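Have a look at the structure below before the remarks.
The values are calculated or read from the model by the stated rules, or taken from the named source; none is laboratory data. Everything quoted here is computed from the prediction, not taken from an experiment. Here the Cβ is made from the backbone with ideal geometry for all residues, glycine too, and neighbour counts use every protein chain on show. Accessible surface areas use protein heavy atoms only, side chains included; no ligands, DNA or RNA. Shrake-Rupley method; radii C 1.70, N 1.55, O 1.52, S 1.80 Å.
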Amino acid sequence: MVKVLIYGAGAIGSFLGYLLSEGELEGEVEGGISPVVENVALLGRPGHIQRIRERGLEVFSLAEGESPLFIRFRHCFVDLDELAESDFAPDLVMVCVKTHSLTGVLREIRRSGLLEGKLKDAEFVLFMNGMGNRERFDLPQDRVFEGIISVGVVFSEDGKIELKGRGRAVFESAVGEDAKRLIKARLEEKGFTAEFAEDFKSQQWKKLFANAVINPITALTREKNGIVLSSHLAPVVERIVRECVAVAGKEGHRFDELEVIEFVHTVASMTAANTSSMLQDVLRGRRSEIDSINGYVLDRAAEQGIAAPANETLYALVKAIEEGGARDNDAIKKRQRA
């Protein structure tokens with residue numbers, strides 16, 4: 001049995017914990033609680049993990065009126081020290097933190113000594129938005145892979161997530177065979193599609209096209225994803241896509257601009273009622289993943305010697321909002337200490 005550690009059990013991480021859990025989770029026992037999951041461990045914030053320890057992870061599905069599923073995990077951790085002291089030794093580590101936290105995560109893992117211990121033979125899958133993440137996670141490349149998922153998940157409160165849409169998960173084809181079998185079996189068992197792509201970089205670019213349009217526009221307008229479909233924004237969407245496609249082309253990945261625009265519109269339409277992750281970050285005064293989305297486009301554009309003014313504008317505006325949110329959070333902390 002492949003053992004999986006979800007490092008960063010937030011909305012997506014907790015949802016992956018549910019998806020990858022082995023066993024019949026629909027069979028209820030006393031109190032409506034499902035059987036204990038043995039093969040997946042969660043590592044996350046203390047409040048969230050404590051609630052899961054007490055009640056299980058509460059998962060609300062798309063079905064109207066359907067009762068939530070409560071999933072209990074044998075192993076839940078708030079830090080690497082707890083993992084080290086446990087009897088859980090993962091074969092696969094799904095890293096689901098924000099991109100700007102990735103270097104800090106690697107630093108924590110190195111300092112823990114677990115790379116010479118429980119994580120000595122583990123494979124790592126970086127499961128997050130944006131591009132350039134593999135370069136930030138400086139471990140031997142035959143141990144580090146990437147994955148992407150198109151799904152709407154909301155972190156309602158500690159111990160609770162809500163599924164807002166279904167989609168597919170795509171992984172690099174080089175992921176180990178045991179991990180592939182587990183991922184494919186568990187996701188398909190729960191009604192999701194798992195793909196292992198030879199052209200994973202192209203798949204990443206395709207998702208980045210949608211993220212580069214939807215995330216900053218929703219963060220700036222403070223509207224749900226459907227705002228992108230406004231006719232007033234059509235020229236803006238076209239300019240963003242044109243720049244992204246040009247940069248991808250210079251990187252050796254050719255896309256048809258009109259097809260990409262249609263793809264972005266389709267994603268926005270299918271997720272029209274969703275609140276993007278970047279908007280959630282802005283509303284909470286947190287740092288977003290703009291650096292690994294539009295910021296990545298700007299970095300590659302500069303490297304290739306081409307201009308990307310639409311992406312530059314979006315990037316600057318979101319960074320300015322982040323700066324304001326950080327000041328607000330500092331002010332709140334000072335008032336709380338006073």
Response to the item:
Amide H contacts under 5 Å for Val95, restricted to residues at least 5 apart in sequence or on another chain and with H modeled in the peptide plane, are Tyr7, Val125, Leu126, Phe127
Worksheet item: Using a 1.4 angstrom probe and counting only protein chains, how large is the accessible area of Tyr315 in Å², to 10?
Response: 60 Å²
Practice prompt. List the residues whose amide H sits under 5 Å from the amide H of Glu223, counting only those 5 or more places along or on another chain, with H placed 1.01 Å from N in the peptide plane.
Written response: none
Practice prompt. Return the distance in nm (one decimal) between the two label points of a simple spin-label model at Ser156 and Met270, each offset 7 Å from Cα along Cα→Cβ.
Written response: 2.4 nm
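Compute the signed sum of charges (Lys and Arg +1, Asp and Glu -1) over the other residues within less than 13 Å, Cβ to Cβ, of Ala122.
-2
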Response to the item:
Rg from C-alpha atoms of region 144-210, normalised by the globular rule of thumb 2.2 N^0.38 Å, equals 1.21
Fill in: Largest-first principal axis extents, alpha carbons of the chain, Å
56, 48, 43
Item to complete: Please give the length that would be gained between Arg284 and Arg181 if that part of the chain were fully extended, namely 0.36 nm times their separation in residues minus their C-alpha to C-alpha distance (nm, one decimal).
Response: 33.3 nm
Item to complete: Name the shape class, rounded, prolate or oblate, that the alpha-carbon gyration tensor gives for region 100-141, where a ≥ b ≥ c are the square roots of its eigenvalues, rounded holds for a/c under 1.5, and otherwise prolate holds if a/b is larger than b/c and oblate otherwise.
Response: prolate
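Which net charge results when you count Lys and Arg as +1 and Asp and Glu as -1 among the other residues whose beta-carbon is under 9 Å from that of Lys98? Please report the intermediate quantities before stating the final value.
Working: positive: Arg286, Arg287; negative: Asp281, Glu289.
Charge balance in the 9 Å sphere: 0.
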Worksheet item: Going by the alpha-carbon gyration tensor, a ≥ b ≥ c the square roots of its eigenvalues, is region 36-157 rounded (a/c under 1.5) or, if a/c is not under 1.5, prolate (a/b greater than b/c) versus oblate?
Response: oblate
Response to the item:
For the chain, the percent of accessible surface on carbon and sulfur atoms (probe 1.4 angstrom, ligands and nucleic acids excluded) is 48 percent
Worksheet item: Across region 311-321, in residue order, what do the Karplus-derived ³J(HN,Hα) couplings come to in whole Hz, using 6.51 cos²θ - 1.76 cosθ + 1.60 with θ = phi - 60° and x for Gly and Pro?
Response: 5, 5, 5, 4, 4, 5, 5, 5, 4, 5, 5
Item to complete: May I ask you to evaluate 6.51 cos²θ - 1.76 cosθ + 1.60, the Karplus curve with θ = phi - 60°, for each residue of region 177-190 and list the ³J(HN,Hα) values in order in whole Hz, giving x for glycine and proline?
Response: 4, 5, 5, 4, 4, 4, 4, 4, 5, 5, 5, 5, 4, 9
Worksheet item: Roughly how many nanometres apart are two label points built 7 Å out from the Cα toward the Cβ at Glu223 and Ser101?
Response: 3.0 nm
Item to complete: Note the full-extension length gain between Asp142 and Ser61 as 0.36 nm times their separation in residues minus their Cα-Cα distance, in nm to one decimal.
Response: 25.6 nm
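Using a/c under 1.5 as the rounded threshold, could you call region 243-283 rounded, prolate or oblate? The axes a ≥ b ≥ c are square roots of the C-alpha gyration tensor eigenvalues, and prolate needs a/b larger than b/c, oblate otherwise.
Oblate, since a/c reaches 1.5 and b/c is not below a/b.
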Discussion item. Helix-only estimate, please: 222 nm mean residue ellipticity of the chain, summing -39500 (n - 2.57) across DSSP H runs of length 4 or more and dividing by its residues, to the nearest 500.
Written reply: -14500 deg cm²/dmol
Worksheet item: Can you list the HN-Hα couplings for region 3-11, worked out from phi with the Karplus curve (6.51, -1.76, 1.60; θ = phi - 60°), rounded to whole Hz and with x for Gly and Pro?
Response: 9, 10, 9, 8, 8, x, 7, x, 5
Worksheet item: What accessible area, in Å² to the nearest ten, does a 1.4 Å probe give for Met128?
Response: 20 Å²
Worksheet item: List the lysines whose alpha-carbon lies under 23 Å from that of Lys190, not counting same-chain residues fewer than 8 positions away?
Response: Lys3, Lys160, Lys164, Lys180, Lys207
Practice prompt. Counting only C-alpha contacts under 8 Å and six or more residues apart, can you give the relative contact order of region 82-231 as a whole percent?
Written response: 16 percent
Worksheet, complete the sentence: Tilt, helix 102-112 to longest principal axis of the chain (alpha-carbon atoms), in degrees rounded to tens, equals 30 degrees
Item to complete: Take the chain, connect every pair of alpha-carbon atoms lying under 10 Å apart with a spring to form a Gaussian network, then pick out the residue of Glu172, Glu157, Glu85 with the largest mean-square fluctuation.
Response: Glu85
Practice prompt. Note down the nm distance, to one decimal, between modelled labels 7 Å out along Cα→Cβ at Ala84 and at Glu259.
Written response: 5.0 nm
Worksheet item: So which lysines can Lys201 reach, going by Cα to Cα under 16 Å and dropping same-chain residues fewer than 8 places off?
Response: Lys250
Worksheet item: Which residue, Arg239, Arg222, Arg110, tops the fluctuation ranking in a GNM of the chain built on C-alpha contacts under 10 Å?
Response: Arg110
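Would you work out the relative contact order for the chain, in percent, from Cα pairs under 8 angstrom that are 6 or more residues apart? Let's see the in-between values first.
Details: 586 pairs, mean separation 48.1, N = 338.
The normalised contact order for the chain reaches 14 percent.
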Response to the item:
For the chain, the longest principal axis of the Cα atoms and the Cα long axis of helix 200-221 enclose an angle in degrees, to the nearest 10, of 70 degrees
